[in-house]
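Okay, structure first, notes after.
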Amino acid sequence: NAHVEEEEPSDYMVVVGPRGGGKTTLVVKALAGRGKVVYVALKPAYDTIQKVLRFKMGISPSVDFEIEYAFEGFEGFRGSDKPVVIVEIDSNATSDAIRMQSQELKILCVDRKLAHGILVLADENAAFKLNDDSDRHAFVWVGGFDEAEVNSFLDNVGVLMPSDEASAKLRAQIVEEVGVTPQELQRVAGAAEEAAE
């Protein structure tokens, strides 16, 4: 939220972490209720930020279009009045696709200062595919749960209650073998609920 409240964008945010760690959920919930949020989900190889914005605005492919046209109505807006562009790149995106889209986001947000930008990468390895613009982007790491958070999560969904020794052992085994991303824990919790029924 502090990032999108800046008077003038000086960088774009890159949200990175393991797959299933809740990166997109975090960004969407953090910006819930805020106006002027544009969500752009890019598929590998054939989508660009421009192409998705053009489609969302109903602009024909035959019409000349530059990305700033999508935001010219916001020209002169400052700080929190600027729109926020959330770009999520598919996990199968190539290095070239990620570099091209991070470049496009840099131009839109840092060079042209038309919007605040948030780039959500599919996993931690995708960060190595970014342009070498360390002064143009800021990283936010979204990791998995620690053991206390795993226990809190399982308590909240009411599965594998640690009141008996077998369930407590199973919880420790889950942390060790399954991992601690919210997506995996949700899957395990669902399977435990089904087994209990």
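The values are calculated or read from the model by the stated rules, or taken from the named source; none is laboratory data. These numbers come from a predicted model, not from an experiment. All Cβ positions, glycine included, derive from the backbone under ideal geometry; neighbour counts span all protein chains shown. Surface accessibility is based on the protein's heavy atoms, side chains included, excluding ligands, DNA and RNA. Shrake-Rupley method; radii C 1.70, N 1.55, O 1.52, S 1.80 Å.
Suppose we keep only residues that are assigned to a loop (DSSP other than H, G, I, E, B) and surrounded by 15 or more Cβ atoms within 10 Å (Cβ to Cβ) within the range 38-76. Which one would you say is modelled with the highest pLDDT? Per the criteria, the residue is T48. If I filter the range 158-181 for residues that are among the basic types (K, R), open to solvent by 60 Å² or more (accessible area, probe 1.4 Å) and farther than 30 Å from R99 by Cα, do I get at least one hit? Yes. Put simply, of A122, A138 the only residue that is surrounded by fewer than 22 Cβ atoms within 10 Å (Cβ to Cβ) and either assigned to a strand (DSSP E or B) or among the charged types (D, E, K, R) (or both) is A138.
Annotation: of all residues in the range 1-37 being among the acidic types (D, E) and assigned to a loop (DSSP other than H, G, I, E, B), the one that is surrounded by the most Cβ atoms within 10 Å (Cβ to Cβ) is D11. Residue check: I107 meets all listed conditions (1) under 18 Å from the mean Cα position of the chain (by Cα); (2) open to solvent by 50 Å² or more (accessible area, probe 1.4 Å); (3) modelled with pLDDT of 80 or more but one, namely (1). All of (1) more than 21 Å from G17 (Cβ to Cβ); (2) among the hydrophobic types (A, V, I, L, M, F, W, C); (3) touching a helix residue (DSSP H, G or I) at 6+ places or on another chain (Cβ under 6 Å) hold for A195 with one exception: (3).
If you check I107 against the conditions, is it in a helix (DSSP H, G or I) and among the hydrophobic types (A, V, I, L, M, F, W, C)? So I107 fits the description; yes. Only a single criterion out of (1) of a type outside the set (D, E, K, R); (2) in a helix (DSSP H, G or I); (3) in contact (Cβ under 8 Å) with a residue 60 or more places away in the chain is not satisfied by G117, namely (2). Quick one: count up the residues across the range 96-147 that are among the hydrophobic types (A, V, I, L, M, F, W, C) and on the phi > 0 side of the Ramachandran plot. Total meeting the criteria: 0.
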